[in-house]
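One structure below.
The values are calculated or read from the model by the stated rules, or taken from the named source; none is laboratory data. On a predicted model such as this, the values are computed, not experimentally measured, just so you know. All Cβ positions, even for glycine, are placed from backbone atoms using ideal geometry, and neighbour counts span all protein chains on display. Surface accessibility is based on the protein's heavy atoms, side chains included, excluding ligands, DNA and RNA. Shrake-Rupley method; radii C 1.70, N 1.55, O 1.52, S 1.80 Å.
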Number of protein chains: 2
Amino acid sequence: MGGIREQKKQQTRRAIEEAAICLFSRKGFESTSMQDIAAAAGIGKTTIYGYFRAKDDIFLHYCDERLVTAFNRFREQQAEGVPFFEQLITFFMLKFGFVTENHEFGRLMLREMLFPKVASDKAREHDQRYFDILQGVFSLAEERGEIAPNLDHFMLSGHFFSLYVGLLAGWYTGYLNSLEEVEKGMRGLFHQVCHGIVA
Amino acid sequence: MGGIREQKKQQTRRAIEEAAICLFSRKGFESTSMQDIAAAAGIGKTTIYGYFRAKDDIFLHYCDERLVTAFNRFREQQAEGVPFFEQLITFFMLKFGFVTENHEFGRLMLREMLFPKVASDKAREHDQRYFDILQGVFSLAEERGEIAPNLDHFMLSGHFFSLYVGLLAGWYTGYLNSLEEVEKGMRGLFHQVCHGIVA
DNA sequence: GTGTAAACTCGAACCGGTTCGATATTTTTC
DNA sequence: GAAAAATATCGAACCGGTTCGAGTTTACAC
């Protein structure tokens, strides 16, 4: 069992993914053909379909991996002593920077994650990881008395997540043009959540 | 000037659009080929490109028209006496219902409007119309003393808009499954904005 | 080893969106 | 009203993602 076949398969898969991501970043997703990828990976273009269902899948699989590492990076640098407001800013700015690092990748990823053709389990997993982190932040904040007790933490997560998505839309539609502007906007919005707007 | 040619052109354009939208709703966007549309409109498929830049454009042009009428409908039924919270709920639930009326249309439209390949002027116009309406709601609320004075109305618009987008994402990823749930969620989130979460 | 089944590979073909280029029609000009 | 310019139409071809099917390689049973 295992053996030669499995090894080669792993190797080929890796070759395809690396070739694809390299070409996508260099020439853009749409300008890279399956032919190009196959050539760069040293195989026939039909062979790719033995490893990935479609062109999109190569990209989405890569996003998946990156998302997981990004989450882990956040968890590592999570500092307990920091006020919850700053924890949230750090968390979402990290996410934001990560998603928009490559303009086109981010666009494609967001389209697929927020408005998918069909809801996927993979996406649910990511959401779960995300909620777990925020849940932790909110619980701590509650203990410390930074936020009101008995708030619905699920809704709270949704609230901050929505603002994060709104900022991303602002970025991609051209209303926000630098990370400084984004952070400024984020602080303003988060402040509104914290203190309310009622007279 | 004008004359036969112009008339026919208008007629053909209409025929294409009607055929396309009819087929899109019946069979779905991707399952409808340019061939299908051309046949239904009684022309050759290449001719379509004399009227629309691409398949997407037929759809997006239609969305454009619908968006405008939806805005007008809201402006008509805007009631002055209603508290600003209820005005916002009405506004966004109207938008929400309109966008999600056809599941696939909404998905495609949102992908394109929030994360466009290139920022377009058309989109800016819509945003402007949207901000104008909200601006009016906030100004009135301010006069009435319903919200604090000196709030940044632009940021406020962005805030509510983000929550609306977040709810849409929740709809398309399967966390919200009925308009009742959406409205309940919307009320909860808007309430958070109004009253804050700080202890 | 040998036979058999499963898995891998890839050239050929398919399919649908888009472009090209030649033809047909209308408008303009004189 | 005929020639020239502008524009509309559409069949043929292109291009790129995807599927088919036939040939090859590997794994396993005996």
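Take B:Leu108 and tell me if it is within 16 Å of DNA strand C (Cβ to nearest atom), within 14 Å of another protein chain (Cβ to nearest Cβ) and modelled with pLDDT of 95 or more.
Answer is yes for this residue.
Can you work out which of the residues in the stretch A:41-50 that are under 18 Å from A:Gln10 (Cβ atoms) and more than 27 Å from the chain's Cα centre (by Cα) is farthest from DNA strand C (Cβ to nearest atom)?
In this case the residue turns out to be A:Gly42.
Tell me yes or no: at least one residue of the stretch A:64-80 is closer than 15 Å to B:Ile197 by Cα, β-branched (Val, Ile, Thr) and more than 11 Å from chain B (Cβ to nearest Cβ). Working first, answer last.
Restricting attention to the stretch A:64-80, the residues satisfying the condition of being closer than 15 Å to B:Ile197 by Cα are none.
No: the stretch A:64-80 contains no residue that is closer than 15 Å to B:Ile197 by Cα, β-branched (Val, Ile, Thr) and more than 11 Å from chain B (Cβ to nearest Cβ).
I'd like the full set of residues that are more than 7 Å from chain A (Cβ to nearest Cβ) and either open to solvent by 30 Å² or more (accessible area, probe 1.4 Å) or within 22 Å of A:Glu183 (Cβ to Cβ) (or both), limited to the stretch B:157-175.
B:Ser157, B:Phe160, B:Trp171, B:Tyr175
Output the qualifying pairs, or none if there are none: Cβ atoms under 8 angstrom, residues six or more apart or on different chains, first residue in the stretch B:127-152 and more than 15 Å from B:Phe85 (Cβ to Cβ), second residue of a type in the set (Gly, Ala, Ser) and part of a loop (DSSP other than H, G, I, E, B).
What qualifies is B:Pro149/A:Ala199.
Given A:Ile58, A:Ile48, A:Ile37, which one is more than 7 Å from DNA strand D (Cβ to nearest atom), in a helix (DSSP H, G or I) and touching a Phe, Trp or Tyr at 6+ places or on another chain (Cβ under 8 Å)?
One residue alone meets the criteria, A:Ile58.
Kindly evaluate A:Phe84 against the criterion of being within 16 Å of DNA strand C (Cβ to nearest atom) and within 14 Å of chain B (Cβ to nearest Cβ).
No.
Within the stretch A:114-128, take every residue that is at pLDDT 95 or above and not aromatic (Phe, Trp, Tyr) and give me the one that is nearest to B:Ala119 (Cα to Cα).
It comes out as A:Leu114.
Which number in (1) within 9 Å of another protein chain (Cβ to nearest Cβ); (2) aliphatic (A, V, I, L, M); (3) within 18 Å of B:Phe71 (Cα to Cα) marks the one condition that B:Leu134 misses?
Single failed check for B:Leu134: (1).
Only one of these conditions is not met by A:Leu151: (1) in a helix (DSSP H, G or I); (2) surrounded by fewer than 17 Cβ atoms within 10 Å (Cβ to Cβ); (3) at the interface with chain B (Cβ under 10 Å from one of its Cβ atoms). Which number is it?
(1)
From the list A:Phe84, A:Phe52, pick out the single residue that is over 25 Å from A:Ala20 (Cβ atoms) and either modelled with pLDDT of 95 or more or aromatic (Phe, Trp, Tyr) (or both). Can you show your working first?
Working: A:Phe52 fails: over 25 Å from A:Ala20 (Cβ atoms).
Step by step, each of A:Phe84, A:Phe52 is checked, and only A:Phe84 is over 25 Å from A:Ala20 (Cβ atoms) and either modelled with pLDDT of 95 or more or aromatic (Phe, Trp, Tyr) (or both).
Which of (1) facing chain A (nearest Cβ under 9 Å); (2) surrounded by 17 or more Cβ atoms within 10 Å (Cβ to Cβ); (3) in a loop (DSSP other than H, G, I, E, B) does B:Gly185 not meet, given it meets every other one?
(3)
Could you list, in sequence order, the residues of the stretch A:1-46 that are open to solvent by less than 60 Å² (accessible area, probe 1.4 Å), more than 30 Å from A:Val99 (Cβ to Cβ) and touching a residue at least 12 places away in the same chain (Cβ under 8 Å)?
Residue satisfying the conditions is A:Ile43 alone.
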